[in-house]
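Participant: Provided herewith is a single structure, encoded as structure tokens, for subsequent inquiry.
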Amino acid sequence: MITSQEEVLYQQAVNLWGQGSQATQLLHHMAALQVKVCDLFDERILPSKLVGDLADVTIMIEAMATGLSLKDDYIRSRRRKLRRLKRRVAFGATMKDLEGQVLSERELKRAFGYAPATLLAETALADYIVRTAPDQYMVLGKHIDELGEEEGDLDDQD
């Protein structure tokens, strides 16, 4: 993630130019990336044109986290969000595989690893939402993320 050499370099940049300047640079790089992403989806550039801007934004985010003494919190939050993404992907893939099927509580437990009453209700709701209002699916996804958060699934090897 953030190596000790990178941490030293980020802190030197903050010491030299100040946290405010670094924050301004982050906003500048984020805006440049946003423009390139729009160009990509408008088919005006190739994906390879994003590489430098992705690196700039990542570096500035890590520098800001380091400069504000949030490195450890940033790393923990990133890991937690990766675990959430892992659950969302697993849930979405399972829902896609099970589309149109009516499942018993036992089958739900086998598919999802647990079957609390809320999951049974949310599974029925997911089926209805995906079929009738797919743009509202993320409302359900956000709530499902709050169920059964497990620690350590994607912990990086330091």
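Participant: Can you tell which of VAL35, VAL14 is without any contact (Cβ under 8 Å) to a residue 60 or more places away in the chain, farther than 22 Å from ILE75 by Cβ, part of a helix (DSSP H, G or I) and of a type in the set (A, V, I, L, M, F, W, C)?
Facilitator: Values: VAL14 fails: farther than 22 Å from ILE75 by Cβ.
Only one candidate qualifies: VAL35.
Participant: Then there's this: Can you confirm whether ALA63 is within 18 Å of GLN5 (Cα to Cα), assigned to a helix (DSSP H, G or I) and in contact (Cβ under 8 Å) with a residue 40 or more places away in the chain? Step through it out loud before you land on a result.
Facilitator: Details: within 18 Å of GLN5 (Cα to Cα): yes; assigned to a helix (DSSP H, G or I): yes; in contact (Cβ under 8 Å) with a residue 40 or more places away in the chain: yes.
Criteria met by ALA63.
Participant: Do you know which residues across segment 38-58 are without any contact (Cβ under 8 Å) to a residue 24 or more places away in the chain, in a helix (DSSP H, G or I) and surrounded by 14 or more Cβ atoms within 10 Å (Cβ to Cβ)? Explain how you work it out, then say what you get.
Facilitator: Our first condition is that a residue be without any contact (Cβ under 8 Å) to a residue 24 or more places away in the chain; within segment 38-58, this holds for 38-52, 54-55, 58.
Next, from what is left, pick out any that are in a helix (DSSP H, G or I): 38-41, 47-52, 54-55, 58.
Correct list: ASP39, LEU40, LEU50.
Any read-out appearing in this document is the output of simple, stated calculations on the displayed coordinates, not a laboratory observation. Just so it is clear, the structure is predicted and the values come from calculations on it, not from any experiment. No Cβ is skipped: glycine too gets one built from the backbone with ideal geometry, and neighbour counts run over all protein chains shown.
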